[in-house]
Amino acid sequence: CNDHRVTIIGAGNVGSTLAHRIAQHNLANVVLVDIVEGMPQAIALDLTHAQGLDRHNRQIKGTNDYADTANSDIVVITAGIPRKPGLSRDDLIQINAKIVVEVTQKAIAYSPDAIYIIITNPLDVMTYLAWQATGLPPNRVMGMAGVLDAARFQTFIAIELGVCVTDVRALVIGDHGDSMMPLPRYASVGGIPITELMDRATIERICDRTRHGGAEIVNLRKTGGAYSAPASAACLMVEAILHNQSRLVPASAYLQGEYGLNDIFIGVPTLLGCQGIEKVVELNLTDEERDALHASASSVRQNIDRAGVLLGNCS
Ligand code: APR
């Protein structure tokens, strides 16, 4: 039994579900932090009551005190407000930027060697702000979105073709917003590119549903967004890091010239292991795909600048 520790800041829907996943998979002890008093303690206690049923012996601690998070291997940030119908992820900037910077500064004081995974939206912007707040090398900070978006793409392909979902591979890059880029050229079923299995109109319909996969859930639930698949996606990243798996997965990663982009976090294929983002994998994009990625990056850049102004940091 290892003694890894994962801190999750924000014990709401995503955070509490992720705590459950991590414990059930026996990956690490979990510290759940929230600003609301009593709430993370209650959730931790509830999850602990299920230990025998879930068959793990992981400790789950709920707290409002960052001292309890000391020396975490991974810190996951979900604190903030989720989307409601009519609100885009970008509309959340003003509120979430302040929260993310504040909680990251508190966490880094106790876990200076951790790897940070950001989930709060708008994802790529929040990941950039969190990275700045940590002062860490960029490979130790990343955003969780691509694993989730690719899982949605994978699911919709499997449903459309009536095939086993585990035979489907799919990739989504770009920002975790309206200009995210499902890549049909890099999607396959049992090794066969989906471009040989479906016509263009069907593929475009599936890509569109992937792009709006989060909004589809927000519009149905009305009081918040998705949390089950996001928690599973984050759990996969936690496992890849703690078990040094060198998983090739899309994540919001810091670019330093890759894809012709600089000083930005955006979704790209990465190698994920115990050092965090061990490599950004560069694809041979077509001109059209490259233009779309650059347009996506421009919208992230605009929102980073906007967040900087809102935080009173115009430098
Ligand atoms: N410090 C700690 N926790 C905070 C703070 C703060 N300063 N501000 C808010 N929180 C907590 C809230 O109290 C709440 O419990 O963050 C939690 C957010 O949980 P939910 O409202 O249930 O939202 P959730 O669905 O989990 O989404 C969280 O992930 O996918 C993204 O868009 C989503 O940005 C949102 C985030």
(request) Below 25 Å Cα-Cα, how many Lys pairs turn up in the chain? Only count pairs eight or more apart in sequence, or on different chains, if you could. (result) 5
(request) Please sort 288-294, 67-73 by packing, taking for each peptide the average over its residues of neighbouring beta carbons within 10 angstrom, highest first. (result) 67-73, 288-294
(message) Report the gain in length on full extension from Asp305 to Asp46: 0.36 nm times residue separation, minus Cα-Cα distance, nm rounded to one decimal.
(response) 89.1 nm
(request) Grab the beta carbon distance between Leu248 and Leu53, set R0 = 51 Å, and tell me the FRET efficiency rounded to 0.05. (result) 0.90
(request) Could you sort 254-266, 172-184, 142-154 so that the peptide with the highest average Cβ count within 10 Å comes first and the rest follow in order? (result) 142-154, 172-184, 254-266
(request) Report the Stokes-Einstein translational diffusion coefficient (µm² s⁻¹, integer) for segment 248-315, Rh taken as the Kirkwood radius over Cα pairs, at 37 °C with viscosity 0.692 mPa s. (result) 252 µm²/s
(request) Please give the contour-minus-distance gain from Ile159 to Arg221: 0.36 nm per residue of separation, less the Cα-Cα distance, rounded to one decimal in nm. (result) 20.1 nm
(message) What does the extension gain come out to for Ser298 and Lys279, with contour length at 0.36 nm per residue minus their alpha carbon separation?
(response) 4.6 nm
(request) Given the options Ile192, Ile277, Ile43, state which has the largest fluctuation in a GNM of the chain using a 10 Å cut-off (strictly under) for Cα springs. (result) Ile192
(request) Calculate, in whole percent, how much of the Cα-Cα pair population of segment 49-92 lies beyond 15 Å. (result) 66 percent
(message) If packing is taken as the average number of other Cβ atoms within 10 Å across a peptide's residues, how do 112-118, 23-29 rank, most packed first?
(response) 112-118, 23-29
(request) Summarise the long-distance tail of P(r) for segment 59-118 by giving the % of C-alpha pairs beyond 17 Å. (result) 45 percent
(message) Springs between alpha-carbon pairs under 10 angstrom, Gaussian network model over the chain: which of Pro269, Pro85, Pro122 fluctuates most?
(response) Pro85
(message) Given the DSSP H assignment, sum -39500 (n - 2.57) over each helix run of at least 4 residues in the chain and divide by its residue total; what's the result at 222 nm in deg cm²/dmol, nearest 500?
(response) -13500 deg cm²/dmol
(request) In Å and from the alpha-carbon atoms only, list the Rg and Dmax of segment 138-178. (result) 12.4, 40
(request) Report the label-to-label distance for Asp199 and Asn64 in nanometres (one decimal), using points 7 Å from each Cα along the Cα→Cβ vector. (result) 6.0 nm
(message) So if I average 1/r over every pair of distinct C-alpha atoms in the chain and take the inverse, what Kirkwood radius in Å does that give?
(response) 19.6 Å
(message) Shape verdict for segment 185-315, please, from the Cα gyration tensor: rounded (a/c under 1.5), prolate (a/b greater than b/c) or oblate.
(response) rounded
(message) Once neighbouring chains are kept in place and the probe is 1.4 Å, which whole percent of the accessible area of the chain is contributed by carbon and sulfur?
(response) 50 percent
(message) I'd like to check one number: the per residue accessible area of the chain, probe 1.4 Å, reported in Å² as a whole number.
(response) 44 Å²
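The values are calculated or read from the model by the stated rules, or taken from the named source; none is laboratory data. What you are looking at is a predicted structure, and each value in this text was computed from that prediction instead of being measured. When we count neighbours, we look across all protein chains shown, and the Cβ atoms used for this are built from the backbone with ideal geometry, even at glycine. In case anyone asks, the SASA skips ligands and DNA or RNA and just uses the protein heavy atoms, side chains included. Shrake-Rupley method; radii C 1.70, N 1.55, O 1.52, S 1.80 Å.
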